[in-house]
Amino acid sequence: MKKQVMVVDDSRMMELQIRKFLEGSDFEIAAYCDNGEDAIARYGEIQPDVVTMDIIMPGIDGLETARVILEEHPDARIVMVSSLIYDDTINEAQEIGAKTFLYKPITQEALLRTLTEVTEDGD
């Protein structure tokens, strides 16, 4: 059975890119959320194996969204995906409990390697 990925990104192009990258892999998109509020509301019903989380989104940003999801679901595996490469942003993501960081533009190889590492961690 394929592992379930929730993509949280306000860019539909990013969702389409990730969907294409996952073709033929051990992963599939279980849900796409274009904002943090939707991700928080849907996480519990979907219970994905891993979440890819953009940082800059309208409404609640990705860091706050990750914080809320991890408070409600401490076992959630969240991978931050962003073009922001500031040390304080990376540190905040780690403090919140995000598993790792992927930098945009992402590659298929980096995405699949990261998703595999994060979902095998603790299994």
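The values are calculated or read from the model by the stated rules, or taken from the named source; none is laboratory data. The shown structure was predicted, so the numbers you read here are calculated from the model rather than taken from an experiment. Note that we place each Cβ from the backbone using ideal geometry, even for glycine, and neighbour counts take in every protein chain shown. Remember, those area values only see protein heavy atoms, side chains included, never the ligands or the DNA or RNA. Shrake-Rupley method; radii C 1.70, N 1.55, O 1.52, S 1.80 Å.
Would you confirm whether any residue within region 69-79 is part of a helix (DSSP H, G or I), open to solvent by less than 30 Å² (accessible area, probe 1.4 Å) and over 22 Å from residue 13 (Cβ atoms)? For region 69-79, residues part of a helix (DSSP H, G or I), open to solvent by less than 30 Å² (accessible area, probe 1.4 Å) and over 22 Å from residue 13 (Cβ atoms): present. A search for C-beta distances below 6 Å between a residue of region 20-31 that is part of a loop (DSSP other than H, G, I, E, B) and any residue that is of a type in the set (A, V, I, L, M) and at pLDDT 95 or above, counting only pairs 6+ apart in sequence or on different chains, returns 25/112. Given the structure, is residue 122 surrounded by fewer than 17 Cβ atoms within 10 Å (Cβ to Cβ), of a type in the set (Gly, Ala, Ser) and modelled with pLDDT of 95 or more? Answer is no for this residue. Among the residues of region 81-113, those that are within 12 Å of the chain's Cα centre (by Cα) and either open to solvent by less than 20 Å² (accessible area, probe 1.4 Å) or among the charged types (D, E, K, R) (or both) comprise 81, 82, 93, 98, 99, 102, 111. Set side by side, the residues 17, 4 differ, and just one is touching a residue at least 24 places away in the same chain (Cβ under 8 Å), part of a strand (DSSP E or B) and surrounded by fewer than 23 Cβ atoms within 10 Å (Cβ to Cβ), which is 4.
Residue 63 meets the conditions (1) more than 14 Å from residue 118 (Cβ to Cβ); (2) assigned to a helix (DSSP H, G or I); (3) modelled with pLDDT under 95; (4) open to solvent by less than 50 Å² (accessible area, probe 1.4 Å) in every case but one. The failed one is (3). Restricting attention to region 95-110, which residues are in contact with a Ser or Thr (Cβ under 9 Å, 6 or more places away or on another chain) and over 23 Å from residue 13 (Cβ atoms)? Within region 95-110, 99 is the sole residue that qualifies.
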